[in-house]
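Right, one structure below, let's go through it.
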Amino acid sequence: MAIDHRGAWVGTPTELGEFSVAVEVTDGCFRRMTTKTLRVSPAPILSVNAEKLEFRIIQGAPPFDAGLIQVSGAPEETAYQLDVLDAPWLKAGIREGALPKAGRAFVSDSVRVTIDAEKLPAGTHHATLRFSAWRGANAPELRYTVHVAPAVSAFPKVEWKPLLIPERHTIVEVPGVADITPPVVHRPPPPVFPKYIPKPKPKPSSPSNWIRSRVLPIPKVVLPPPAPAKPAAPERTKPSAMPPPPEPAKPKAAH
């Protein structure tokens, strides 16, 4: 293998493994060297758990599940793609789109297939699922065949015809049979209840558009007598205007 002027690897590896490659770039004055690791892995190999599937349905049947496909192979974590060739009525749903990693619970990836043949005409229809990986060693294909039967021929036509049974009348005569007449039961007549007749209302002497009014007497109002006036309080005078208190009488001298 070699590296072209754009820095891309060219050539075909012939051995598996990891190779350390020293790459040197120089312009005559300066140089730079780096180390690259080239890992050569085997070409991916895919495997599916079915090769050919065939279904028989009636024209106008609803969509149905066509099963689960297990996709396995090597190496691990290899991405793959799924192509449906010339069959819009075939739907495929991929769970992850890559092979499981080592140590996981699943050893394969799954693809759910659904067939929607409701609008397919009567006849035989084919579809192909192709699994492929980038530079894979193989590309397995899964072929589907759907036989669509006409809806009329699926159920035979049934014509209903009434069963013709001849009518027969047999007259049997029994001698010594007398006619029995049931006794007549006299029932009392039903009770008669008096009919309620409402009394007529008296006609007003005045026209009906008159308005009757009633004059109520005015109640007599008695007012209580007025309360007596309170006596006026004596007028207060200032202390300076009050007369001086009388002087006490002097005792007379004894003779």
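The values are calculated or read from the model by the stated rules, or taken from the named source; none is laboratory data. These numbers were taken from a predicted model, which means no experiment stands behind them. A quick note on method: Cβ atoms are made from the backbone with ideal geometry, for glycine too, and the neighbour counts reach across all protein chains shown.
The table that follows gives values for the structure above.
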| quantity | calculated |
| --- | --- |
| Flag if SER153 is modelled with pLDDT under 70, among the polar types (S, T, N, Q) and out of contact with any helix residue (DSSP H, G or I) (no Cβ under 6 Å at 6 or more places or on another chain) | yes |
| 2 or more residues among the polar types (S, T, N, Q), more than 20 Å from LEU142 (Cβ to Cβ) and free of Cβ contacts under 8 Å to residues at least 40 places away in the same chain: qualifying strands (runs of 3 or more DSSP E) within segment 1-114 | 17-26, 31-40 |
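Here's the yes/no breakdown for (1) over 30 Å from ALA151 (Cα atoms); (2) surrounded by 11 or more Cβ atoms within 10 Å (Cβ to Cβ); (3) among the hydrophobic types (A, V, I, L, M, F, W, C):
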position: GLU18; (1), (2), (3): yes, no, no
position: LEU38; (1), (2), (3): yes, yes, yes
position: PRO63; (1), (2), (3): no, yes, no
position: ASP83; (1), (2), (3): yes, yes, no
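Here's the yes/no breakdown for (1) at pLDDT below 90; (2) surrounded by 12 or more Cβ atoms within 10 Å (Cβ to Cβ); (3) more than 35 Å from the chain's Cα centre (by Cα):
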residue: LEU90; (1), (2), (3): no, yes, no
residue: ALA98; (1), (2), (3): no, yes, no
residue: ALA102; (1), (2), (3): yes, no, yes
residue: VAL107; (1), (2), (3): yes, no, yes
residue: ARG112; (1), (2), (3): no, yes, no
residue: ASP116; (1), (2), (3): no, yes, no
residue: LYS119; (1), (2), (3): yes, no, no
residue: GLY123; (1), (2), (3): no, no, yes
